[in-house]
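Some notes on the structure that comes next.
No value in this document is a laboratory result; all are computed from the given coordinates. Not measured: the values here are computed from a predicted model. Glycine gets a Cβ as well: all are built from the backbone with ideal geometry, and neighbour counts include every protein chain shown.
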Amino acid sequence: MSPRKLKEIGNTARALIPYGTTEGQTAKIVDVIADVIRDRGHTADAVDINGPSSTLPAGYDAVIVGASIHMGKHDKHVVEFVQKNHDTLEQLPSAFFSVSLAAHGDTGQAETYVDQFEEETGWRPDQVALFGGALLCTDYGFIKRHMMKKIAQDKPGNLGLDMSRDYVYTQWDAVKRFAEHFADRLKSTSP
Ligand SMILES: Cc1cc2nc3c(=O)[nH]c(=O)nc-3n(C[C@H](O)[C@H](O)[C@H](O)COP(=O)(O)O)c2cc1C
């Protein structure tokens, strides 16, 4: 993120974390990120964007947006939220993280998802991360389970094919490092 965006933030920044989740994995990632940011002395407010897009509330110094991929697309409510708040996001220190199976073993595809997101929204976040998602087979209904088996078979990365159990591909250390990096950058130019 540019020093220009950072110089007015004091020791304690107020970060907003708007995110979109369908099966809950992105929400778990947000919890870890928010804890790291709070541990570094900042405030972090997580907001599940699951409806018509709203205006980013005033009073925040920094924003981390998170969204998961389904059928090759990021959560549409998050896309709309970013489109609506594009100008504000461009003015604040920002980061984006994308959650997908592709991030585990098919990084090229995961990067393409993010390129598409940036193209669709016109937003260029300062920091971007790709996190592996989860195959929560025991939560899926019959049709979704079979669809996910097909997706898992076709994707690189040796994804699990035993649909009677769950697989979590999120690398929690990478999530923590991403959040630490963001939090430290908020503090790095504090007076
Ligand atoms: C119906 C369905 C479709 C999915 N489609 C894709 C996909 O096209 N590409 C991909 O990389 N991951 C895909 N995934 C994997 C999700 O990104 C992964 O399960 C993630 O953890 C979901 O995050 P969430 O629980 O926060 O929504 C799909 C998952 C489901 C259930």
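Couple of notes before you dig in:
- Inter-label distance, Asp35 to Ser54: 2.6 nm, where each label sits 7 Å from its Cα along the C-beta direction.
- Taking the stretch 86-111 and a reference point 7 angstrom along Cα→Cβ of Leu161, the backbone N atoms nearer than 19 Å belong to 101-102, 104-106.
- Across Ile64, Ile33, Ile143, mean-square fluctuation computed from a Gaussian network of the chain (C-alpha pairs under 10 Å connected) peaks at Ile143.
- Where labels lie 7 Å past Cα in the beta-carbon direction, separation of Arg124 and Ile143 in nm: 4.2
- Debye, to nearest 20: dipole size of the chain, +1 on Lys, Arg Cβ, -1 on Asp, Glu Cβ: 160
- Exceeding the 30 Å Cα-Cα cut-off - candidates Lys76/Lys149; Lys84/Lys155; Lys28/Lys149: Lys84/Lys155
- Evaluated over the stretch 24-89, the Cα radius of gyration and Dmax, each in Å: 12.6, 38
- With both labels modelled 7 Å from their Cα along Cα-to-Cβ, the Asn11 to Val168 distance reads 3.4 nm.
- Summed residue charge, Cβ within 14 Å of Thr55's Cβ, Lys/Arg positive, Asp/Glu negative: -1
- Hydrophobic, long helices, defined as DSSP H runs whose alpha-carbon span along the helix axis is 18 Å or greater and whose mean Kyte-Doolittle value is at least 1.6, do not occur in the chain.
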